[in-house]
Amino acid sequence: AGTSMEPALLFFSEEMNQHAKEHLRIESELRDALANGELLLYYQPKVSLRSGRIVGAEALLRWRHPVRGLVSPGVFIPVAEETGLIMELGDWAIEEACRQIRQWHDAGLEMPPVAVNLSARQFDTGLPQRMAAVLERHDVSPEQVMLEITESLLVRGADTVIGIMNDLVAMGLALALDDFGTGYSSLAYLKKFPISTLKIDRAFVIGLPHEENDCAIARAIVTMAQQMRQEIVAEGVETEDQMTFLRDLGCDQLQGYLFSQPVPAVDFQRMLGEGRRL
Ligand code: C2E
Ligand code: CA
Ligand code: CA
Ligand code: CA
């Protein structure tokens, strides 16, 4: 050991260095983005598999970078999560969604609930209070907003988390458990969560209807959610075959490119106004 530098190790550390630099750059640019109003929300419809109508939307962050164009959250959310910037980003998203809901309401539109994603780091004991304040600021009723959470918030400890969830639900906000099936929490928790909606992760939708294991998993999730009287949304539905399979299973809603990609607020508004159907 000692003197000779391992090529693999050298390569690895250079790569790490590159990664760290990129990370720092994104972090500082992201702070500017918040200040300069470069963030925006896109909206992706959720459609009922029974009526074919739009019954909800998910608000998804986008970053209009002055040089790089539209940056997707896959690039900047992980950085924001690591640095804690996600708190500000997440608060911004909630604020912006409520502002938009108010605007749609004022324009006389019949709006289905809009879901906003919440990071585990936003899920602290002050959250119900912050939510109440935003709703009040924009005069939005809690039934118009849904919160999408993931099992990763269990890092805070189940009792605390369930307490916060109960407070949010008591306020009239609905909770959806996102990316279901990809987390590490057990079914024992699921029973205790006051959630109204379960979202089947795209990872299990991709293989439908051909992959036997994905079919079995989807079937199990739908059966369980039905037992618990939860709505089931399938994410990332791209094909007619997937849709048919999910509909036959008894899945309630679909969200995916088959119906629409996430789109700017004006386009979502148009889709609603035209009464577009599956
Ligand atoms: P997510 O919450 O699981 O959101 C669904 C993602 O799947 C979105 O990616 C959406 O564009 C994509 N998607 C929907 N339908 C299809 C489909 O048919 N095919 C494929 N290939 N993809 C589909 P997006 O917008 O890039 O967001 C990625 C992730 O970033 C989100 O995953 C969410 O975890 C996170 N994110 C986005 N906005 C926010 C936010 O405001 N706050 C927080 N904390 N996280 C956010
Ligand atoms: Ca989500
Ligand atoms: Ca998801
Ligand atoms: Ca996902």
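The values are calculated or read from the model by the stated rules, or taken from the named source; none is laboratory data. From a predicted model like this one, the values you see are computed outputs, not experimental measurements. Neighbour counts run over all protein chains shown; Cβ positions are idealised from the backbone, glycine included. Remember, those area values only see protein heavy atoms, side chains included, never the ligands or the DNA or RNA. Shrake-Rupley method; radii C 1.70, N 1.55, O 1.52, S 1.80 Å.
Remark: D139 falls outside the filter, which requires a residue to be of a type in the set (D, E) and either at pLDDT below 95 or within 15 Å of ligand 4 (Cβ to nearest atom) (or both). Could you grab me the full set of residues in the range 143-186 that are of a type in the set (F, W, Y) and without any contact (Cβ under 8 Å) to a residue 40 or more places away in the chain? Answer for the range 143-186, where residues must be of a type in the set (F, W, Y) and without any contact (Cβ under 8 Å) to a residue 40 or more places away in the chain: just Y184. Scanning the range 229-250 for residues that are assigned to a loop (DSSP other than H, G, I, E, B), away from ligand 2 (no atom under 16 Å from the Cβ) and either open to solvent by less than 20 Å² (accessible area, probe 1.4 Å) or under 22 Å from A176 (Cα atoms) (or both) yields R229, E238, G250. Considering every residue within the range 135-144, establish whether at least one is out of contact with any strand residue (DSSP E or B) (no Cβ under 8 Å at 6 or more places or on another chain), within 26 Å of N36 (Cβ to Cβ) and exposed (fewer than 15 other Cβ atoms within 10 Å of the Cβ). Looking through the range 135-144, at least one residue is out of contact with any strand residue (DSSP E or B) (no Cβ under 8 Å at 6 or more places or on another chain), within 26 Å of N36 (Cβ to Cβ) and exposed (fewer than 15 other Cβ atoms within 10 Å of the Cβ).
Restricting Q122, Q103 to those that are surrounded by fewer than 19 Cβ atoms within 10 Å (Cβ to Cβ) and of a type outside the set (S, T, Y) reduces the list to Q103.
Here's the yes/no breakdown for (1) touching a Pro at 6+ places or on another chain (Cβ under 6 Å); (2) more than 16 Å from ligand 3 (Cβ to nearest atom):
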| residue | (1), (2) |
| --- | --- |
| P209 | no, yes |
| I221 | no, no |
| T239 | no, yes |
| F245 | yes, yes |
| V266 | no, yes |
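Here the range 199-211 is the region considered, the condition is being more than 13 Å from ligand 1 (Cβ to nearest atom) and open to solvent by less than 60 Å² (accessible area, probe 1.4 Å), and the residue that is nearest to E235 (Cα to Cα) is G207.
Within the range 255-273, none of the residues are open to solvent by 50 Å² or more (accessible area, probe 1.4 Å), of a type in the set (K, R) and farther than 30 Å from G108 by Cβ. With respect to I94, determine if the residue is under 18 Å from the mean Cα position of the chain (by Cα), surrounded by 16 or more Cβ atoms within 10 Å (Cβ to Cβ), within 16 Å of ligand 3 (Cβ to nearest atom) and in a helix (DSSP H, G or I). So I94 fails the test. Among residues of the range 213-241 that are of a type in the set (S, T, Y), those with a beta-carbon under 8 Å from a residue that is modelled with pLDDT of 95 or more at least six positions away or on a different chain give the pairs T239/L258. Against the test of being over 18 Å from I77 (Cα atoms) and β-branched (V, I, T), the options V145, V116 yield a single qualifying residue, V145. Considering the range 156-172, the residues that are over 15 Å from P142 (Cα atoms) and open to solvent by 40 Å² or more (accessible area, probe 1.4 Å) include one that is nearest to the chain's Cα centre (by Cα), namely R156. If you go through the range 52-71 and keep only what is in contact with a Phe, Trp or Tyr (Cβ under 9 Å, 6 or more places away or on another chain), at pLDDT 95 or above and β-branched (V, I, T), you end up with just I54. The single residue among V222, V266, V233 that is in contact with a strand residue (DSSP E or B) (Cβ under 6 Å, 6 or more places away or on another chain) and farther than 18 Å from M146 by Cβ turns out to be V222. Given the condition within 16 Å of ligand 1 (Cβ to nearest atom), in a helix (DSSP H, G or I), of a type outside the set (D, E) and over 17 Å from the mean Cα position of the chain (by Cα), answer yes or no: does some residue in the range 173-187 qualify? No, every residue in the range 173-187 fails to be within 16 Å of ligand 1 (Cβ to nearest atom), in a helix (DSSP H, G or I), of a type outside the set (D, E) and over 17 Å from the mean Cα position of the chain (by Cα). Note on the range 10-72: enclosed strands (runs of 3 or more DSSP E) holding 2 or more residues that are in contact (Cβ under 8 Å) with a residue 60 or more places away in the chain, of a type outside the set (D, E, K, R) and open to solvent by less than 60 Å² (accessible area, probe 1.4 Å) are 39-48, 54-65.
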